[in-house]
Amino acid sequence: MQTLVLRLAPPSAGEDLARLALDPALREAARILQAGGLVAFPTETVYGLGANALSTAAVEKIFHAKQRPHWDPVIVHAPSAAEARKLASQWPDEAEKLAAAFWPGPLTMLLPRAECIPAICTAGREKVGLRVPSHPVARALLLAAGVPVAAPSANRFGHTSPTTAEHVLADLDGRIDAVLDAGPCTVGLESTVLDPTTHPPIIYRPGGVTAEQLRVLLGEVRVAERAVRDEAPPESLESPGLGIRHYAPRAPLHLVGGETELAEAILRATGRRVGVLLPSGWALPPTDARVTVLPWGDWHQPETLARELYGRLRALDELEVELILCPLPPAEGIGLALRDRLNKAAK
């Protein structure tokens, strides 16, 4: 299979969706989805690998292309809250509040699935993850396709998620029909996955909508705490990305607590090719050619760290380092999501 690269100019803020939906590249991507094919496309979080969510055969292609086990559910995307409601058999008051506050945006809600959603999307579970992305190209594609789109991240299973079309092609070139290239993603980490039907609501995956934001709206919200173990039974996983090594670069990833610990870890890694993600303003001991340092961003601006994380990890893999050293941000705001991804990548 030859993967078609369909290019769009990166959209501006407030881009007209109807105009975007008429773009030849986007129309071709919509045609492929309607025909049961696979299209990688940008969202504000990461690039997703899309298929017609109403077609078991089409969604099956996602699992084959990603080499994804069938026990891992996929998120279903809709162009609006009104369309998302049609995909749930129940729509509680909490869902209405959340949709009004955070959709379009990086929030996935786990809700009882409607009969039209095939079991392959939910791995046979009762609830489906629903999301309305805010990226104008993603929304225009959903409108043009006219079907809900199942879309996990557009990478090989367990690997670092893609935030550019080049990342998608590095993993999936020749395995999918097309990639819709509209530039880099702006959030850089996957959506928050929340079950609003529990008491209190449970965050299964931290992401672009923070726990603090959710608590302002809902009151008490619990962040699921489960041991991340490769041997965890697959049927116990309520959300994509739980309980297994995920988001991982090829090189082993070692996490450190701060500037001093990072310097000590570099000195201990004698004789190895080491990659370092370095916050701006942090000092390092004298290094030699075996140490590659990539700037990561301002330690006090976790949104920047989130946006750059996956791209930096992929860049260090391309340089064939043997070990990656990375500081672990505080568990505040989107820093909680950064810690979640880094801890799973380092297992």
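Restricting to region 28-44, name every residue that is closer than 12 Å to Asp177 by Cα and in contact (Cβ under 8 Å) with a residue 12 or more places away in the chain. Please lay out each step first, then the result.
First pass over region 28-44, keeping only residues closer than 12 Å to Asp177 by Cα: 28-33, 35-41.
Glu28, Ala29, Ala30, Ile32, Leu33, Gly36, Gly37, Leu38, Val39, Ala40, Phe41 - these are the residues of region 28-44 that are closer than 12 Å to Asp177 by Cα and in contact (Cβ under 8 Å) with a residue 12 or more places away in the chain.
Filtering region 117-147 to residues that are under 17 Å from the mean Cα position of the chain (by Cα) and basic (Lys, Arg) leaves Arg131, Arg139.
Which one of these is over 29 Å from Thr43 (Cα atoms), modelled with pLDDT of 95 or more and either surrounded by 19 or more Cβ atoms within 10 Å (Cβ to Cβ) or among the basic types (Lys, Arg) (or both): Val321, Val276, Val256?
On the way: Val276 fails: over 29 Å from Thr43 (Cα atoms); Val256 fails: either surrounded by 19 or more Cβ atoms within 10 Å (Cβ to Cβ) or among the basic types (Lys, Arg) (or both).
Testing whether each residue is over 29 Å from Thr43 (Cα atoms), modelled with pLDDT of 95 or more and either surrounded by 19 or more Cβ atoms within 10 Å (Cβ to Cβ) or among the basic types (Lys, Arg) (or both) leaves just Val321.
For the condition more than 22 Å from Thr260 (Cα to Cα) and outside the structural domain of Glu166 (by TED's automatic domain parsing), Asp340 qualifies.
Taken over region 324-341, the residue count meeting the criterion of being surrounded by fewer than 22 Cβ atoms within 10 Å (Cβ to Cβ) and hydrophobic (A, V, I, L, M, F, W, C) is 3. Contact annotation: residue pairs with Cβ atoms under 9 Å, 6 or more positions apart or on different chains, pairing a residue in region 327-338 that is closer than 16 Å to Leu253 by Cβ with a partner that is at pLDDT below 95 and polar (S, T, N, Q), are Leu328/Asn343. Quickly run through region 118-156 and pick out the residues that are surrounded by fewer than 23 Cβ atoms within 10 Å (Cβ to Cβ) and β-branched (Val, Ile, Thr). Residues satisfying the conditions are Ile120, Thr122, Val147. Whether a residue is without any contact (Cβ under 8 Å) to a residue 40 or more places away in the chain, within 22 Å of Arg156 (Cβ to Cβ) and surrounded by 14 or more Cβ atoms within 10 Å (Cβ to Cβ) was assessed, and Ala306 does not pass this test. Among residues of region 45-73 that are more than 25 Å from Leu309 (Cβ to Cβ) and at pLDDT 95 or above, those with a beta-carbon under 6 Å from a residue that is assigned to a helix (DSSP H, G or I) and aliphatic (A, V, I, L, M) at least six positions away or on a different chain give the pairs Ala51/Ala58; Ala51/Val59; Ala51/Ile62; Asn52/Leu33; Asn52/Ala58; Thr56/Ile120; Val59/Ile120. In region 316-326, the qualifying residues are those that are outside any loop (DSSP other than H, G, I, E, B) and of a type in the set (D, E, K, R), and the one that is farthest from Pro249 (Cα to Cα) is Glu318.
The values are calculated or read from the model by the stated rules, or taken from the named source; none is laboratory data. What you are looking at is a predicted structure, and each value in this text was computed from that prediction instead of being measured. Ideal geometry is used to build each Cβ from the backbone, glycine not excepted, and the neighbour counts take in all protein chains shown.
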